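S.K.: Below is the structure I would like to discuss, written out as structure tokens.
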Amino acid sequence: MRRSSCLLLAGFVFGMLLTRGAVAGNVVLTVGPGKTYTTISAAVTVADHDVTASNYYIIAVTPGTYTNDFPTVTRPMTIESTAVGQQVVLNATASPPNMKGIILNQSNLTVSGLTFQGAAIPNTLGGNAAGIRDQNVSTTTPYLIVLNSTFVNNQEGILTGNNALQSIIIVNSTFANNGNPNPSYFQHALYVNDAGNLTVTGSVFCGQLIGHDIKSRALMTTVSDNQLYDGQADAAISCRAGSTSLAIDIANGGAATISGNVIIQGAASQNSKMVDYGEEGLPYSDNSLILLHNSFTNIGSLSATAIYDPNCILAQSVGNTFTGVATLASPSSCAVFE
């Protein structure tokens, strides 16, 4: 699946889910200098206290910096920048009072045009503050949709809880220079726990410390048309080398499709493996690994492994390219290359 089809898919799912949440019409609350509310938290609180469950709220935020603004979302809503291409910066200079994330989400949420930066809590409390800490408890088409957003200098970019019905969609977003430098607190740029499906497309991951760019335990995982840097800097996007241990970790298997990505492993990576599938067990009855038209490049380790598949779920590799990679698949008999 190429970029255009992936974006169409994400757009279709986004439209379908948002429409379901807005049957009775939208209620727009404005945030910013001279607007009805000066903080995102204040607007979200008003929305959360509305007893009319059929109302769907759009929190429309004027671009700018909102420091130590920590909303908790308990009903379906959208939080978005009012100007295309201009970011709303949620800047944390103190620990979130919830000790979880800049936005703590407990319902269906869409964000667009937001930058999350500086989320941190003491290591004694987990050292895993996230830009978005998702604990969606909805049982009616649960979702988290992240569009055109940036996660930078957080201990964790996005961390989700366990909702086996949930769809998580990340489109055109950047995860840069996140992580906890303490090796005892192993955090990731994007960490999705038990979920129905995860789709990540058109996004950039770089500069992660110690943890993975993408870690997914979802039943279905689709990672397409992204740039993933694994222990390799890119000055053009102000990305440090970091010390990433994996570009993509499909920890518990399931149905995984990885397509059209550029994966670059550098000397600062802590792991010779680039993509890991099922290393922490296979709890799902349906397990498959398809890799289409990805570019795997290693410019660091002499023993780089592109695909690590210890449970030997036969991987289908079609049209992938490998540069500087010593081992295409391990075990070698567990992949078919075309």
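None of the figures in this text is laboratory data; all of them are computed from the coordinates on show. A quick note: this is a predicted structure, and the numbers were derived from the prediction, not measured. FYI the Cβ positions are ideal-geometry reconstructions off the backbone, even for glycines, and counts take in every protein chain you see.
S.K.: Taking only Cα atoms, what is the 0 to 90° angle, nearest 10, from helix 3-21's long axis to the longest principal axis of the chain?
M.R.: Between helix and principal axis, roughly 30 degrees.
S.K.: Just going by the charge dipole of the chain, with Lys and Arg at +1 and Asp and Glu at -1 on Cβ, which of Thr65, Ser269, Gly196 is farthest out on the positive end?
M.R.: Going by the Cα projections, it comes out as Thr65.
S.K.: Please work out how much length the chain gains when fully extended from Thr36 to Ile290, using 0.36 nm per residue of separation minus the C-alpha to C-alpha distance, in nm with one decimal. Don't jump to the answer; show the numbers that get you there.
M.R.: Working: separation 254, 0.36 × 254 = 91.44 nm, distance 4.92 nm.
The span from Thr36 to Ile290 would gain 86.5 nm if fully extended.
S.K.: Quick one: Karplus J couplings for the range 251-262, per residue in order, coefficients 6.51, -1.76, 1.60, θ = phi - 60°, nearest Hz, x for Gly and Pro?
M.R.: Per residue, the Karplus-derived 3J(HN,Hα) values read 4, 10, x, x, 8, 10, 10, 10, 9, x, 8, 9 Hz.
S.K.: Setting aside same-chain residues fewer than 8 positions from Lys100, which aspartates and glutamates have a Cα under 15 Å from its Cα?
M.R.: Asp69, Asp134, Glu156
S.K.: Report, in debye and to the nearest 20, how large the dipole of the chain comes out about its Cα centre when Lys and Arg carry +1 and Asp and Glu carry -1 on their Cβ.
M.R.: Details: 11 positive and 18 negative charges, 96 e Å.
Value, rounded to 20: 460 debye.
S.K.: Could you go through the range 187-201 in sequence order and give the Karplus-derived ³J(HN,Hα) for each residue, using 6.51 cos²θ - 1.76 cosθ + 1.60 with θ = phi - 60°, rounded to whole Hz, and x for Gly and Pro?
M.R.: 10, 10, 5, 9, 10, 10, 7, 4, 8, x, 7, 10, 10, 10, 9
S.K.: Now a separate question. Hey, what D do you get for the range 220-338 in µm²/s if you plug the Kirkwood alpha-carbon radius into Stokes-Einstein at 20 °C and 1.002 mPa s?
M.R.: Details: Rh = 14.1 Å.
Calculated translational D: 152 µm²/s.
S.K.: While we're on this one: At a 10 angstrom cut-off on C-beta neighbours, averaged per residue, how do the peptides 75-88, 258-271 rank from highest to lowest? It would help to have the intermediate numbers written out before the result.
M.R.: On the way: 75-88: 18.9, 258-271: 21.6.
Result, highest mean first: 258-271, 75-88.
S.K.: When 1/r is averaged over all different Cα pairs and the result inverted, which Kirkwood radius in Å belongs to the range 148-305?
M.R.: Details: mean 1/r = 0.0663 Å⁻¹.
Evaluated over the range 148-305, this radius sits at 15.1 Å.
S.K.: How much net charge surrounds Pro97 when only other residues with a Cβ under 14 Å from its Cβ are counted (Lys, Arg +1; Asp, Glu -1)? Present the calculation step by step, with values, prior to reporting the outcome.
M.R.: Numbers: positive: Lys100, Arg133; negative: Asp69.
With Lys, Arg at +1 and Asp, Glu at -1, the net is +1.
S.K.: If you don't mind, there's one more thing I want to ask. Is the shape of the range 154-223 best called rounded, prolate or oblate, per the rule: a/c under 1.5 gives rounded, else a/b larger than b/c gives prolate, else oblate, with a ≥ b ≥ c the square roots of the Cα gyration tensor eigenvalues?
M.R.: oblate
S.K.: Moving on to the next point. What list of ³J(HN,Hα) values in whole Hz, one per residue of the range 61-73 in order, does the Karplus curve 6.51 cos²θ - 1.76 cosθ + 1.60 (θ = phi - 60°) give from phi, with Gly and Pro shown as x?
M.R.: Result, ordered by residue: 10, 5, x, x, 9, 10, 8, 6, 9, 10, x, 10, 9 Hz.
S.K.: Then there's this: May I ask you to work out the translational diffusion coefficient for the range 220-262 at 37 °C, viscosity 0.692 mPa s, via Stokes-Einstein with Rh from the Kirkwood sum over Cα pairs, reported in whole µm²/s?
M.R.: 280 µm²/s
S.K.: Continuing with the same structure: Just going by the charge dipole of the chain, with Lys and Arg at +1 and Asp and Glu at -1 on Cβ, which of Leu228, Asn162, Leu90 is farthest out on the positive end?
M.R.: Of the options given, the answer is Leu90.
S.K.: Provide Rg over Rh for the range 27-125; use the alpha carbon set for both Rg and the Kirkwood Rh (inverse mean inverse pair distance). It would help to have the intermediate numbers written out before the result.
M.R.: Details: Rg = 13.2 Å, Rh = 13.7 Å.
Expressed as Rg/Rh, it is 0.96.
S.K.: Just the Cα atoms of the range 91-239: what Rg and Dmax do they give in Å?
M.R.: Reported Rg and Dmax, both Å: 14.0, 43.
S.K.: Quick one: if the Förster radius is 22 Å, what FRET efficiency do Ala326 and Ala267 give, using the C-beta to C-beta distance and rounding to 0.05?
M.R.: On the way: r = 14 Å, r/R0 = 0.66.
For R0 = 22 Å, the calculated efficiency reads 0.95.
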